[in-house]
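Read through the structure below, which is laid out as structure tokens, and then see the notes.
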Amino acid sequence: MTLFDIYKQSLKSLKNPDVEEINIRILLGEVNQLKTMSDFYLRKDEEIRDLPRFQEYFKRYLEGEPIQYILGKTTFLGYDILVDKRVLIPRQESEEVVVFAIKKSHEIFGNRKISILDVCCGSGAMGIALAKQLNTERIYFSDISKDALDVCSKNLKANKVSGDIFEGDALTQVISKNIKVDLLISNPPYILKSEPVDESVLKYEPHLALFADNDFSIYEKIISNLNAIKNDQLLAVFEIGINSKNPLENMVRKYHPQSEYGFIKDINGKERILYIYLK
Ligand SMILES: C[S@@+](CC[C@H](N)C(=O)[O-])C[C@H]1O[C@@H](n2cnc3c(N)ncnc32)[C@H](O)[C@@H]1O
């Protein structure tokens, strides 16, 4: 059977073929090792190389599994990131957070070498992108989930980033090792249990990565301890949930009344980034 035969046949099983057809091309492209999406049209008459593998992928897709878990990978700001059910699939919103952190770091640190911490790192996508884009002296990754850190370690190797990995709650390990950094990035779990979440996210992604245990306590654990990990200066950049501005602003004022801080709007005009700059 050719790729195009299978493509046409598979479309019939989709609820929303106009929107979802791209996913069939992606799965077929993976099985036949196509490099780009336009390769699909150039090579659509080629025989499928491994039909049972495609069928297994397609079955999982129809059951609602995110395509990134099926493929075992995604891209984050152009870097290949391995993912499986032990880590959250890095989101586009987080790319915006990293892009902001890079811009702000250039403003503050110029091109001097800096140390970076990605806390609540999951797959490590954010820290890896920063390590690649900034003049990095050292980079540290920390997460409470041993499973997530296993994925993170594979991603460091695959992306040729050398970093230290710590397992622990918020900043505990970093503080106990007396590590000081210039830049902290964090995308902690921030969904409240009362908020609506997509069925496929709920079914497949790790709940430890999604849900805030007690409102904003994870942010408080990090924000209240920033001075303990601060080099001469510290820029801390957080991804935040919708409607979190007020409580987080109160927290920043409580712990760092002298700091420069700000909330940055994302591409949809929502305040989804918080930065705190301690001089
Ligand atoms: C929203 S995910 C973010 C993962 C990754 N930074 C990203 O943007 O794709 C949150 C991560 O925080 C970790 N986590 C949850 N509670 C934590 C805690 N108390 N201390 C440290 N990490 C925690 C989870 O295991 C998960 O990997």
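The values are calculated or read from the model by the stated rules, or taken from the named source; none is laboratory data. Note that the structure is a prediction, hence the values are computed from the model and not measured. Neighbour counts run over all protein chains shown; Cβ positions are idealised from the backbone, glycine included. Just so you know, the surface numbers come from the protein's heavy atoms only, side chains and all, with ligands and any DNA or RNA stripped out. Shrake-Rupley method; radii C 1.70, N 1.55, O 1.52, S 1.80 Å.
Summary table
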item	result
Some residue of the stretch 259-270 being in a strand (DSSP E or B), among the basic types (Lys, Arg) and under 20 Å from the mean Cα position of the chain (by Cα)	yes
Unique match (being away from the ligand (no atom under 16 Å from the Cβ), modelled with pLDDT of 95 or more and not in a loop (DSSP other than H, G, I, E, B)) among Arg49, Arg60	Arg60
Top-ranked residue in the stretch 162-194 [being touching a Gly at 6+ places or on another chain (Cβ under 8 Å) and in a loop (DSSP other than H, G, I, E, B); ranked as farthest from Arg91 (Cα to Cα)]	Gly163
Candidates Glu93, Glu137, Glu107, filtered to the one that is open to solvent by 40 Å² or more (accessible area, probe 1.4 Å) and assigned to a strand (DSSP E or B)	Glu137
Restricting the stretch 228-268 to residues that are of a type outside the set (D, E, K, R), open to solvent by 30 Å² or more (accessible area, probe 1.4 Å) and more than 29 Å from Pro196 (Cβ to Cβ), the residue that is modelled with the lowest pLDDT	Gln258
Of all residues in the stretch 110-134 being away from the ligand (no atom under 16 Å from the Cβ) and open to solvent by 70 Å² or more (accessible area, probe 1.4 Å), the one that is nearest to Ile179 (Cα to Cα)	Lys113
Odd one out for Ala209 among (1) surrounded by 20 or more Cβ atoms within 10 Å (Cβ to Cβ); (2) touching a Lys or Arg at 6+ places or on another chain (Cβ under 8 Å); (3) not in a strand (DSSP E or B)	(2)
Candidates Glu137, Glu93, Glu107 - the one that is at negative phi, within 9 Å of the ligand (Cβ to nearest atom) and of a type in the set (Asp, Glu)	Glu93
Any hit, the stretch 68-75, residues being within 21 Å of Pro188 (Cα to Cα), more than 16 Å from the ligand (Cβ to nearest atom) and in a helix (DSSP H, G or I)	no
Matching entry among Val181, Val174 (being of a type outside the set (Ser, Thr, Tyr), more than 13 Å from the ligand (Cβ to nearest atom) and over 16 Å from the mean Cα position of the chain (by Cα))	Val181
Pair list, Cβ < 7 Å and 6+ apart or interchain, from the stretch 63-92 residues that are hydroxyl-bearing (Ser, Thr, Tyr) to residues that are open to solvent by 40 Å² or more (accessible area, probe 1.4 Å)	Tyr69/Asp84; Tyr69/Lys85; Thr74/Gln68; Tyr79/Lys132
Residues of the stretch 218-251 satisfying the condition of being part of a helix (DSSP H, G or I) and closer than 22 Å to Ile179 by Cα	Ile218, Tyr219, Glu220, Lys221, Ile222, Ile223, Leu226, Asn227, Ala228, Ile229
Residue in the stretch 179-193 that is over 16 Å from Asp118 (Cβ atoms), open to solvent by 80 Å² or more (accessible area, probe 1.4 Å) and in the same structural domain as Ser244 (by TED's automatic domain parsing) present	yes
Pick from the stretch 146-164, criterion open to solvent by 20 Å² or more (accessible area, probe 1.4 Å) and touching a residue at least 60 places away in the same chain (Cβ under 8 Å), ranking: nearest to the ligand (Cβ to nearest atom)	Asp147
Condition check for Ile81: open to solvent by less than 30 Å² (accessible area, probe 1.4 Å), within 16 Å of the ligand (Cβ to nearest atom) and either part of a strand (DSSP E or B) or of a type in the set (Lys, Arg) (or both)	yes
